[in-house]
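Novice: Pasting in a structure now, in structure tokens, and then I'll have a few things to ask.
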Amino acid sequence: MPRNACRGAPIGVFDSGVGGLSVLREIRTLLPSESLLYIADSGHVPYGEKSPEFIRERCRVLAEFLLAQGAKALVLACNTATVAGVAELRERYPQLPLVGMEPAVKPAAAATTSGVVGVLATTGTLKSAKFAALLDRFASDVRVITQPCPGLVEQIEAGELDSAATRELLQGFVAPLLAEGCDTLILGCTHYPFIKPLLRSLVPDSISLIDTGPAVARQVQRLLADHDLLANGTAQPTQFWSSGEPQALQQVLPLLWGDAAHVRALS
């Protein structure tokens, strides 16, 4: 943990792009007194097709930047970044409260009644050893059907949450899962909660949709409490950076975050 960490210090959150805003919203809802920092690494989105080595390097760079801004805790609001980089960051910063993401295999396995669970995720997440280990640990009694979703992150990055093109793309990903009898769908990428209304319109009401944002916010709360770092004052305005075009993030913030904000360039 940074030596100067105090309760009023901010929480640093990063993702390959705008998807982590779904996690940031959950943290804000659960912990309204916490000040937040957010980086969209949009200059390198999507992570799903990048090498693990490249993603680990980006995790190091982004973590160092957030800690230099005084972050008291870090959240890797990206499944692919967590798979590639969280273990190294935990070794590097053993005292730092650090939370990653993982597809919600355990709650999905508990929720299914048909015994068939579908996973919508990036190629990188589905190919990872970490995901395979999750299946081995929690899904031995259920059948898991995985569906990579190339192109979906890019649609969400563009703010196209309900366009005809996004609908057609998503329909193509969901149809095979429904055909296999899935009654529970895991949203295995932090971008995907933003299209939950669209997804809900494409599947029967009986299908459970599960994402990990609320669970991640609760884990942040637990770790901060364990380190006596929960804020008890008034939160500062959330600060945003992008390694891509700041204006692009600025334009979608009202839609995805709920408020307008200035976005600074991350060089």
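The values are calculated or read from the model by the stated rules, or taken from the named source; none is laboratory data. If you're wondering where the values come from, they're calculated on a predicted model, not measured in any experiment. Backbone-built Cβ (ideal geometry, glycine too); neighbour counts: all protein chains shown.
Novice: Among the numbered conditions (1) under 30 Å from Gly115 (Cβ atoms); (2) surrounded by 20 or more Cβ atoms within 10 Å (Cβ to Cβ); (3) touching a Ser or Thr at 6+ places or on another chain (Cβ under 6 Å), tell me where Gly181 comes up short.
Specialist: Single failed check for Gly181: (2).
Novice: Between residues in region 248-260 that are within 15 Å of Glu160 (Cα to Cα) and residues that are basic (Lys, Arg), which pairs lie under 8 Å by C-beta distance while being six or more apart or on different chains?
Specialist: Once the first residue is within 15 Å of Glu160 (Cα to Cα) and sits in region 248-260, its partners that are basic (Lys, Arg) give Trp257/Arg25.
Novice: Filter region 128-150 for residues that are out of contact with any strand residue (DSSP E or B) (no Cβ under 9 Å at 6 or more places or on another chain) and either within 22 Å of Pro254 (Cβ to Cβ) or loosely packed, with under 15 Cβ neighbours inside 10 Å (or both) and give the result.
Specialist: Correct list: Ala129, Ala132, Ala133, Asp136, Arg137, Ser140, Asp141, Pro150.
Novice: Report yes if some residue within region 71-92 is over 18 Å from Glu49 (Cα atoms), in contact with a Ser or Thr (Cβ under 6 Å, 6 or more places away or on another chain) and among the aliphatic types (A, V, I, L, M); otherwise report no.
Specialist: No - not one qualifying residue is present in region 71-92.
Novice: Okay, moving on. So which pairs qualify, if the first residue must be in region 103-128 and on the phi > 0 side of the Ramachandran plot, the second must be surrounded by fewer than 23 Cβ atoms within 10 Å (Cβ to Cβ), the Cβ gap must be under 8 Å, and the two must be at least 6 apart or on different chains?
Specialist: Qualifying pairs under 8 Å: Gly115/Asp141; Gly115/Val142; Gly115/Arg143.
Novice: Taking region 174-202 as the region of interest, how many residues are at pLDDT 95 or above, touching a strand residue (DSSP E or B) at 6+ places or on another chain (Cβ under 7 Å) and hydrophobic (A, V, I, L, M, F, W, C)?
Specialist: 6
Novice: In contact with a Gly (Cβ under 7 Å, 6 or more places away or on another chain) and not aliphatic (A, V, I, L, M): is that true of Gln147 in this structure?
Specialist: Details: in contact with a Gly (Cβ under 7 Å, 6 or more places away or on another chain): yes; not aliphatic (A, V, I, L, M): yes.
Considered against the rule, which asks whether it is in contact with a Gly (Cβ under 7 Å, 6 or more places away or on another chain) and not aliphatic (A, V, I, L, M), Gln147 comes out as yes.
Novice: For region 119-151, name all the residues that are touching a Cys at 6+ places or on another chain (Cβ under 9 Å) and farther than 22 Å from Leu199 by Cβ.
Specialist: Across region 119-151, there are no qualifying residues.
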